[in-house]
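Engineer: Have a look at the structure that comes next, please.
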Amino acid sequence: MVKVSLEKRVLSKNDRIAQKIRSQLHMKGVGCINLIGSPGSGKTALLEASLPRMSDGLRCAVIEGDVKTDRDMQRIAAVGVDAVQIETGGGCHLDAELVTKGLAKLPLGKLDLLIIENVGNLICPVAYDLGEDYRLIVVSVAEGEDKPLKYPSAFVSASGIVVTKTDLSSYVDVEASQVAANALSLNPKLKVFTTSTKTGEGIEEFADFLVSVGKSARSMRK
Amino acid sequence: MHELSIATEVVEIVTASVADYPAAKVRAVSLLIGTHSGVVPEALEFCFPLAAEGTPVEGAALQIEQVPLKIKCHNCGVGPVAASSIQCPECGSINVSVETGREIEISTIDLDVPDEVVAESKLASGGANG
C-alpha cells in the first residue's frame, strides 16, 4: 500500500477559473457584481427597478442563474438590458465554470458592468468565487431581522448588503435598520443599501452605486 | 451544503491524480474538513460512494479528519487560539482571521500499486500530480 500526499483544496479548480474571469474582466474594463440572496428576497425586482435608472451611458449586462426557467432573463430583457440565463437544472449555486459559459454569450468588449444574479440560496453560493469585484447580499425585511445571524458566512464574505421590501416593514414588524445592524455586527465594513421597489426608496442610490462600479472598471481598461 | 457536488469534485481530483497509473487501486481517500467549512461530514460520507460509482475510486473508503476552528485576533493579538465562532474568545472582537477550520481538502490517498510500478514512478517519493 502506498500513501500519496495530495494536499489539494477541493474547490481549487473553481478558484482558478474565477481568477481567470477576474483577470479577463479587469483587462476589458468590466466591473462585476455577484448578487446573492434567498429565493424571493427581491434580487430580480431590484435590478428591474435600478438598471433603467443608471445614468451616464453605462453599458450593463446580467447573467441570471436559476434552477429552472428563463423567467428572470425575460424580466431583465424587458427593461432593455442584455441578459443571458443559466439553468442549473438542480444545482444550488452558480460556479465559475457556469459563469464562463454565460460570459461567452456576452459582448464583453462593449460592457462596463456585469451583474450576476445567483441562484436563490443563502448558503451554497457563498463558497464559490465567481470572479466578482463586489458581492452583495440581498435580504428582505419579510425574512426577519435575524437572518444575518443565522447565515453568518454569507454576510462575512460580502462587501455590501441590500435590505429590500421596506414598504412591508409595518406588516412584518421588522425595520431595515435592524437587519443592517445584525449584518454590521458580523462585518462592520459592509456597504448598506435600503430599498423598496414599491415606494422607490433607495433605488436611485443603488443605481448610482452600479454606475460607480462600472465607471471605476472602465477607467482601468487596458 | 451540496455534499454530492463536493464528493464528485473529490472523485474527479483523485481520478485525475491516478490517471497515469491504471494498475493502481484506490483503497482510501483522506479528507480534511474544517468544522466551519459548511460541509456536513455525515452527508459527505453518504454521497461519496454514489459519486465514486463507476470510477477508479469506487469501493475506496472515505476518511474524514475534522479540523477545529482557530482564529487570530487583530484586536488583542491573541492566537492562533481555539474558538467556537468567528469571534475572539478573549476580547470578543470580530476583527479576526481564520487560521484553521474552513478546510475542504484532500490530504492523502491510499493506493494498492504493483511493486514494479512503484519502483518506476513518482509514487514512491510520495508525490502525485493532481
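Engineer: Does any residue of segment A:78-86 turn out to be surrounded by 21 or more Cβ atoms within 10 Å (Cβ to Cβ) and either more than 17 Å from the chain's Cα centre (by Cα) or touching a residue at least 40 places away in the same chain (Cβ under 8 Å) (or both)?
Structural biologist: There is no residue in segment A:78-86 that is surrounded by 21 or more Cβ atoms within 10 Å (Cβ to Cβ) and either more than 17 Å from the chain's Cα centre (by Cα) or touching a residue at least 40 places away in the same chain (Cβ under 8 Å) (or both).
Engineer: Looking for something farther than 30 Å from residue B:84 by Cα, more than 10 Å from chain A (Cβ to nearest Cβ) and out of contact with any Ser or Thr (no Cβ under 8 Å at 6 or more places or on another chain) - is there at least one such residue anywhere in segment B:1-15?
Structural biologist: no
Engineer: Would you be able to say whether some residue in segment B:53-63 is in contact (Cβ under 8 Å) with a residue 12 or more places away in the chain, more than 10 Å from every other protein chain (Cβ to nearest Cβ) and in contact with an Asp or Glu (Cβ under 7 Å, 6 or more places away or on another chain)?
Structural biologist: yes
Engineer: Kindly state which strands (runs of 3 or more DSSP E) lie completely within segment B:1-109 and contain at least 1 residues that are among the small types (Gly, Ala, Ser) and within 24 Å of residue A:123 (Cα to Cα).
Structural biologist: Qualifying strands (runs of 3 or more DSSP E): B:25-34, B:96-100.
Engineer: Pick from segment A:1-51 the residues that are of a type in the set (S, T, N, Q) and closer than 20 Å to residue A:127 by Cβ: which of them is farthest from the other protein chains (Cβ to nearest Cβ)?
Structural biologist: Among those that are of a type in the set (S, T, N, Q) and closer than 20 Å to residue A:127 by Cβ, it is A:41.
Engineer: Within segment A:109-166, which residues are over 12 Å from the mean Cα position of the chain (by Cα), surrounded by 21 or more Cβ atoms within 10 Å (Cβ to Cβ), over 30 Å from residue A:221 (Cα atoms) and away from chain B (no Cβ under 14 Å)?
Structural biologist: A:140, A:141, A:143, A:145, A:147, A:163, A:164, A:165, A:166
Engineer: Follow-up. Could you identify the single residue in A:54, A:27 that is farther than 26 Å from residue B:37 by Cα and either of a type in the set (S, T, N, Q) or crowded, with 17+ Cβ neighbours inside 10 Å (or both)?
Structural biologist: Result: A:54 is the single residue among A:54, A:27 that is farther than 26 Å from residue B:37 by Cα and either of a type in the set (S, T, N, Q) or crowded, with 17+ Cβ neighbours inside 10 Å (or both).
Bear in mind that the values in this text are calculations on the coordinates, not laboratory data. Given the structure is predicted, the values throughout are model-derived calculations rather than measurements. Glycine also receives a Cβ, built like all others from the backbone with ideal geometry; neighbour counts cover every protein chain displayed.
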